[in-house]
Amino acid sequence: MAETEPRRIGFTIEVKPHAYDPATNPELFEGVLARRVVAFFIDMVIITIPIVFVAVCIALFGLFTFGVGWLLYYLLPAAAAIWAIVYYGMTFGSPASATIGMRVMDLEMRTWYGAPMYFLLGAVHGIAYWVTVGMLTLLILLVGLFNARSRLLHDMLVGTVVINNPARTAALRPHASPSPPPP
(Lines give C-alpha, C1' and ligand atoms only; values in the text may rest on other atoms or scores of the structure.)
Protein backbone atom coordinates (compact mmCIF):
# COMPACT_ATOMS: atom_id res chain seq x y z
CA MET A 1 0.00 0.00 0.00
CA ALA A 2 1.44 3.36 -0.99
CA GLU A 3 1.81 6.03 1.64
CA THR A 4 -0.47 8.40 -0.27
CA GLU A 5 -3.45 6.01 -0.11
CA PRO A 6 -5.76 6.30 2.89
CA ARG A 7 -5.71 3.40 5.35
CA ARG A 8 -8.89 1.39 5.68
CA ILE A 9 -10.05 0.65 9.16
CA GLY A 10 -12.97 -1.59 10.07
CA PHE A 11 -15.40 -3.12 7.65
CA THR A 12 -17.97 -2.09 5.11
CA ILE A 13 -21.70 -2.63 5.43
CA GLU A 14 -23.83 -3.42 2.44
CA VAL A 15 -27.36 -2.05 2.81
CA LYS A 16 -29.83 -4.29 1.03
CA PRO A 17 -33.02 -2.93 -0.51
CA HIS A 18 -36.48 -4.07 0.56
CA ALA A 19 -37.34 -7.29 -1.24
CA TYR A 20 -41.11 -6.84 -1.20
CA ASP A 21 -42.60 -3.77 -2.78
CA PRO A 22 -46.30 -3.22 -2.03
CA ALA A 23 -46.70 -0.99 -5.08
CA THR A 24 -45.59 -3.64 -7.58
CA ASN A 25 -46.81 -6.72 -5.65
CA PRO A 26 -49.90 -5.73 -3.63
CA GLU A 27 -51.04 -9.37 -3.50
CA LEU A 28 -48.19 -10.12 -1.07
CA PHE A 29 -49.82 -7.89 1.58
CA GLU A 30 -53.54 -8.24 0.85
CA GLY A 31 -55.41 -9.16 4.05
CA VAL A 32 -52.23 -9.90 5.97
CA LEU A 33 -53.05 -7.89 9.09
CA ALA A 34 -56.47 -9.46 9.75
CA ARG A 35 -55.24 -13.00 9.10
CA ARG A 36 -52.24 -12.34 11.31
CA VAL A 37 -54.53 -11.57 14.25
CA VAL A 38 -56.34 -14.89 13.73
CA ALA A 39 -52.98 -16.68 13.46
CA PHE A 40 -51.96 -15.14 16.79
CA PHE A 41 -54.98 -16.66 18.55
CA ILE A 42 -54.27 -20.08 17.01
CA ASP A 43 -50.67 -19.86 18.22
CA MET A 44 -51.78 -18.82 21.71
CA VAL A 45 -53.95 -21.94 21.96
CA ILE A 46 -51.02 -24.09 20.81
CA ILE A 47 -48.67 -22.46 23.34
CA THR A 48 -51.20 -22.60 26.19
CA ILE A 49 -52.19 -26.29 25.92
CA PRO A 50 -48.84 -27.70 27.16
CA ILE A 51 -48.66 -25.07 29.92
CA VAL A 52 -52.13 -26.04 31.19
CA PHE A 53 -51.14 -29.71 31.02
CA VAL A 54 -48.02 -29.05 33.12
CA ALA A 55 -50.09 -27.02 35.62
CA VAL A 56 -52.52 -29.92 36.04
CA CYS A 57 -49.61 -32.34 36.50
CA ILE A 58 -48.12 -30.06 39.16
CA ALA A 59 -51.50 -29.95 40.94
CA LEU A 60 -51.70 -33.74 40.99
CA PHE A 61 -48.08 -34.05 42.06
CA GLY A 62 -48.77 -31.59 44.89
CA LEU A 63 -51.61 -33.79 46.12
CA PHE A 64 -49.36 -36.84 46.25
CA THR A 65 -46.56 -34.95 48.02
CA PHE A 66 -48.89 -33.30 50.54
CA GLY A 67 -48.41 -29.84 49.06
CA VAL A 68 -44.64 -29.84 48.61
CA GLY A 69 -44.95 -30.40 44.85
CA TRP A 70 -46.96 -27.21 44.52
CA LEU A 71 -43.72 -25.28 44.92
CA LEU A 72 -43.12 -26.15 41.27
CA TYR A 73 -45.72 -23.52 40.39
CA TYR A 74 -43.00 -20.93 41.02
CA LEU A 75 -41.10 -22.35 38.04
CA LEU A 76 -44.10 -22.35 35.74
CA PRO A 77 -43.84 -18.71 34.49
CA ALA A 78 -40.18 -19.20 33.52
CA ALA A 79 -40.95 -22.53 31.88
CA ALA A 80 -43.84 -20.96 29.96
CA ALA A 81 -41.59 -18.15 28.70
CA ILE A 82 -38.92 -20.62 27.61
CA TRP A 83 -41.54 -22.77 25.87
CA ALA A 84 -42.93 -19.74 23.98
CA ILE A 85 -39.46 -18.64 22.86
CA VAL A 86 -38.60 -22.16 21.69
CA TYR A 87 -41.96 -22.41 19.89
CA TYR A 88 -41.38 -19.17 17.99
CA GLY A 89 -37.76 -20.03 17.23
CA MET A 90 -38.54 -23.56 16.00
CA THR A 91 -41.55 -22.62 13.89
CA PHE A 92 -40.05 -19.47 12.36
CA GLY A 93 -36.80 -21.35 11.79
CA SER A 94 -38.59 -24.12 9.90
CA PRO A 95 -38.61 -24.25 6.08
CA ALA A 96 -42.08 -22.63 6.09
CA SER A 97 -40.77 -19.57 8.02
CA ALA A 98 -44.10 -19.41 9.84
CA THR A 99 -45.73 -20.43 13.09
CA ILE A 100 -48.44 -23.08 12.93
CA GLY A 101 -51.13 -20.40 13.14
CA MET A 102 -49.50 -18.48 10.30
CA ARG A 103 -49.37 -21.65 8.18
CA VAL A 104 -53.09 -22.19 8.76
CA MET A 105 -53.72 -18.61 7.62
CA ASP A 106 -51.38 -18.89 4.57
CA LEU A 107 -48.79 -16.43 5.88
CA GLU A 108 -45.02 -16.53 6.14
CA MET A 109 -42.38 -14.29 7.64
CA ARG A 110 -39.25 -13.13 5.86
CA THR A 111 -36.45 -10.74 6.60
CA TRP A 112 -36.98 -7.33 5.04
CA TYR A 113 -34.49 -8.21 2.31
CA GLY A 114 -36.26 -11.51 1.45
CA ALA A 115 -34.28 -14.20 3.27
CA PRO A 116 -36.13 -16.92 5.17
CA MET A 117 -36.27 -16.81 8.96
CA TYR A 118 -33.93 -18.77 11.23
CA PHE A 119 -34.19 -19.96 14.85
CA LEU A 120 -32.45 -17.04 16.56
CA LEU A 121 -34.32 -14.37 14.61
CA GLY A 122 -37.61 -16.17 15.31
CA ALA A 123 -36.87 -16.29 19.04
CA VAL A 124 -35.85 -12.62 19.10
CA HIS A 125 -39.02 -11.75 17.17
CA GLY A 126 -41.12 -13.51 19.83
CA ILE A 127 -39.32 -11.67 22.63
CA ALA A 128 -39.68 -8.33 20.84
CA TYR A 129 -43.39 -9.00 20.38
CA TRP A 130 -44.03 -9.70 24.06
CA VAL A 131 -41.92 -6.73 25.19
CA THR A 132 -43.70 -4.29 22.87
CA VAL A 133 -47.12 -5.66 23.81
CA GLY A 134 -46.19 -5.39 27.47
CA MET A 135 -45.22 -1.76 27.04
CA LEU A 136 -47.71 -0.53 24.46
CA THR A 137 -50.61 -3.04 24.64
CA LEU A 138 -52.52 -3.28 21.39
CA LEU A 139 -51.16 0.01 20.06
CA ILE A 140 -48.60 -2.06 18.14
CA LEU A 141 -51.45 -3.11 15.82
CA LEU A 142 -52.11 0.51 14.87
CA VAL A 143 -48.66 0.74 13.31
CA GLY A 144 -49.69 -1.91 10.77
CA LEU A 145 -52.60 0.22 9.59
CA PHE A 146 -50.35 3.11 8.60
CA ASN A 147 -47.71 1.43 6.45
CA ALA A 148 -48.06 -0.25 3.08
CA ARG A 149 -46.34 -3.49 4.16
CA SER A 150 -48.63 -3.99 7.19
CA ARG A 151 -45.55 -4.27 9.40
CA LEU A 152 -46.08 -4.05 13.14
CA LEU A 153 -43.77 -2.28 15.55
CA HIS A 154 -41.83 -5.38 16.55
CA ASP A 155 -41.43 -6.35 12.87
CA MET A 156 -39.74 -3.02 12.23
CA LEU A 157 -37.51 -3.39 15.28
CA VAL A 158 -36.35 -6.88 14.29
CA GLY A 159 -36.29 -6.32 10.51
CA THR A 160 -38.98 -8.74 9.34
CA VAL A 161 -42.04 -8.61 7.14
CA VAL A 162 -45.10 -10.90 7.00
CA ILE A 163 -46.38 -11.76 3.54
CA ASN A 164 -48.86 -14.14 1.98
CA ASN A 165 -47.31 -17.50 1.18
CA PRO A 166 -46.60 -18.35 -2.49
CA ALA A 167 -49.81 -20.37 -2.94
CA ARG A 168 -52.04 -17.56 -1.66
CA THR A 169 -50.05 -14.95 -3.55
CA ALA A 170 -50.53 -16.87 -6.80
CA ALA A 171 -54.27 -17.10 -6.15
CA LEU A 172 -54.50 -13.35 -5.49
CA ARG A 173 -52.26 -12.28 -8.36
CA PRO A 174 -54.27 -10.64 -11.13
CA HIS A 175 -54.12 -12.77 -14.23
CA ALA A 176 -53.35 -11.17 -17.53
CA SER A 177 -56.59 -10.59 -19.35
CA PRO A 178 -56.70 -12.04 -22.84
CA SER A 179 -56.22 -9.51 -25.57
CA PRO A 180 -59.34 -8.62 -27.52
CA PRO A 181 -59.69 -10.32 -30.88
CA PRO A 182 -58.48 -8.30 -33.87
CA PRO A 183 -61.23 -6.46 -35.81
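The values are calculated or read from the model by the stated rules, or taken from the named source; none is laboratory data. These figures come from a predicted structure and were not determined experimentally. Note that each Cβ is placed from the backbone with ideal geometry, even for glycine, and that neighbours are counted across all protein chains shown.
Things worth noting here:
- Counted residues, region 32-61 - those being more than 18 Å from A80 (Cβ to Cβ) and among the small types (G, A, S): 2
- Evaluating G101 against the criteria (1) assigned to a loop (DSSP other than H, G, I, E, B); (2) modelled with pLDDT of 90 or more leaves one unmet condition, (1).
- Looking across region 145-161, the residues that are in contact with a Ser or Thr (Cβ under 7 Å, 6 or more places away or on another chain) and within 20 Å of A115 (Cβ to Cβ) come down to H154, G159, T160.
- Residue check for V32: more than 20 Å from G126 (Cα to Cα) and surrounded by 14 or more Cβ atoms within 10 Å (Cβ to Cβ): no
- Out of G114, G126, sole residue that is small (G, A, S), closer than 18 Å to G93 by Cα and either under 12 Å from the mean Cα position of the chain (by Cα) or in a strand (DSSP E or B) (or both): G126
- Hey, A55 modelled with pLDDT of 95 or more, touching a strand residue (DSSP E or B) at 6+ places or on another chain (Cβ under 9 Å), assigned to a helix (DSSP H, G or I) and not β-branched (V, I, T) or not: no
- Filter pass, T24 being exposed (fewer than 15 other Cβ atoms within 10 Å of the Cβ) and closer than 18 Å to A148 by Cβ: yes
- Among the residues listed as L142, L120, L136, the single one being without any contact (Cβ under 8 Å) to a residue 24 or more places away in the chain and surrounded by fewer than 13 Cβ atoms within 10 Å (Cβ to Cβ): L142
- Residue match in region 31-38 (condition: in contact with a helix residue (DSSP H, G or I) (Cβ under 7 Å, 6 or more places away or on another chain) and at pLDDT 80 or above): yes
- Residue list for region 74-96, restricted to those being part of a helix (DSSP H, G or I) and touching a Gly at 6+ places or on another chain (Cβ under 8 Å): A84, I85, Y87, Y88, G89, M90, T91, F92
- Taking each residue of region 39-51 that is closer than 12 Å to V104 by Cα and looking for partners that are of a type outside the set (D, E, K, R) and part of a helix (DSSP H, G or I) with beta-carbon atoms closer than 6 Å, six or more apart or interchain, yields A39/G101; A39/M102; I42/G101; I42/V104; D43/G101.
- If the condition is being farther than 27 Å from A23 by Cβ and in a loop (DSSP other than H, G, I, E, B), then region 129-152 contributes T137, L138.
- Selected residue (criterion: surrounded by the fewest Cβ atoms within 10 Å (Cβ to Cβ)) from residues of region 84-117 that are hydroxyl-bearing (S, T, Y) and touching a strand residue (DSSP E or B) at 6+ places or on another chain (Cβ under 7 Å): T111
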